[in-house]
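Structure first, then comments.
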Amino acid sequence: MKLFYAPQTRAVSSRWALEEVAAAHELIRLKFPDDLNNSELQKANPLGQIPTLVDGDQVVTEASAIALYLADRFPRAGLAPTAEERHQYYQWAFFVGAALEPHLLEIFLHTVRLPEEERSAERATRAKEGFDRALGIADDHLASRSYLLGERFSMVDVIFGSILGWAQMMNLLEGFEHVRAYFKRVCTRPAFERAVA
């Protein structure tokens, strides 16, 4: 099993997922974005994107897909829920990519990444409003439970916890006390600590 990886990218989520399931793997560390033309990466993923996981003949791309794949691939880790809980598991996994990440990316582009003359304060403000609205839903949900599916950590907490790391770096978790407490909990997991070491 190989993971094409770069620090401080979505690939951290995949590395964390691998650590949670204790999967033997080779970490192919790339410099982002300079090494995305790496020939081995291009062969596995013609889009040249990270993370990309190669598991024998299987190639899995997209951080959330990799996490869910690993939870199913290594059932002994106990990170995939029962069939009765799968609807919430999938809902929260897709919530991250659909309701949080687009706003977070827009905020990042228009406050940090783009040259100052290309930034739009209006777009950043609108994105922050959308992000806060979505994160508020998660905050309310976490008011009565330790993890997204209740009292048991699952792979969807890796997906959600990873995006919160990015939001925390941008100081966007202020005012969301339940999300902040949750993020602190997931960051104490040994697998997370190994993934970010």
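The values are calculated or read from the model by the stated rules, or taken from the named source; none is laboratory data. A quick note: this is a predicted structure, and the numbers were derived from the prediction, not measured. Here Cβ is always computed from backbone atoms with ideal geometry, including for glycine, and neighbour counts include all displayed protein chains.
Would you mind stating whether Phe32 is within 20 Å of Val196 (Cβ to Cβ), hydrophobic (A, V, I, L, M, F, W, C) and either surrounded by fewer than 15 Cβ atoms within 10 Å (Cβ to Cβ) or out of contact with any strand residue (DSSP E or B) (no Cβ under 7 Å at 6 or more places or on another chain) (or both)? Yes; evaluated as a whole, the condition is true for this residue. Filtering region 138-197 to residues that are in contact with a His (Cβ under 7 Å, 6 or more places away or on another chain) and surrounded by fewer than 21 Cβ atoms within 10 Å (Cβ to Cβ) leaves Asp139, Ala143.
Please verify whether region 44-52 includes one or more residues that are under 30 Å from Lys128 (Cα atoms), outside the structural domain of Val158 (by TED's automatic domain parsing) and of a type in the set (A, V, I, L, M, F, W, C).
Within region 44-52, one or more residues are under 30 Å from Lys128 (Cα atoms), outside the structural domain of Val158 (by TED's automatic domain parsing) and of a type in the set (A, V, I, L, M, F, W, C).
Exactly one residue out of Leu27, Leu18 is of a type in the set (A, V, I, L, M) and touching a His at 6+ places or on another chain (Cβ under 6 Å): that is Leu18.
Kindly establish whether Phe74 is among the hydrophobic types (A, V, I, L, M, F, W, C), in contact with a helix residue (DSSP H, G or I) (Cβ under 8 Å, 6 or more places away or on another chain) and farther than 19 Å from Phe160 by Cβ. Against the criterion (among the hydrophobic types (A, V, I, L, M, F, W, C), in contact with a helix residue (DSSP H, G or I) (Cβ under 8 Å, 6 or more places away or on another chain) and farther than 19 Å from Phe160 by Cβ), Phe74 qualifies. Only one of Asp139, Asp157 is outside any loop (DSSP other than H, G, I, E, B) and either of a type in the set (A, V, I, L, M, F, W, C) or under 15 Å from the mean Cα position of the chain (by Cα) (or both); which? Among Asp139, Asp157, only Asp157 is outside any loop (DSSP other than H, G, I, E, B) and either of a type in the set (A, V, I, L, M, F, W, C) or under 15 Å from the mean Cα position of the chain (by Cα) (or both). When we screen Leu109, Leu53 for residues that are touching a residue at least 40 places away in the same chain (Cβ under 8 Å) and surrounded by 15 or more Cβ atoms within 10 Å (Cβ to Cβ), the only hit is Leu53.
Screening Glu20 with (1) under 29 Å from Arg126 (Cβ atoms); (2) touching a residue at least 60 places away in the same chain (Cβ under 8 Å); (3) outside the structural domain of Leu164 (by TED's automatic domain parsing) gives one miss only, at (1). Right, Leu104: out of contact with any strand residue (DSSP E or B) (no Cβ under 9 Å at 6 or more places or on another chain), more than 23 Å from Ala191 (Cα to Cα) and touching a residue at least 40 places away in the same chain (Cβ under 8 Å) or not? Against the criterion (out of contact with any strand residue (DSSP E or B) (no Cβ under 9 Å at 6 or more places or on another chain), more than 23 Å from Ala191 (Cα to Cα) and touching a residue at least 40 places away in the same chain (Cβ under 8 Å)), Leu104 qualifies. Taking the criterion of being at pLDDT 95 or above and not in a loop (DSSP other than H, G, I, E, B), the residues of region 28-58 that qualify are Thr52, Leu53, Val54, Asp55, Gln58.
Out of curiosity, is Gly97 more than 16 Å from the chain's Cα centre (by Cα) and of a type in the set (Gly, Ala, Ser)? Spelling it out, it is not the case that Gly97 is more than 16 Å from the chain's Cα centre (by Cα) and of a type in the set (Gly, Ala, Ser). A residue that is over 28 Å from Phe153 (Cα atoms), at pLDDT 95 or above, crowded, with 18+ Cβ neighbours inside 10 Å and not assigned by TED's automatic domain parsing to the domain that holds Glu19 cannot be found anywhere in region 81-101.
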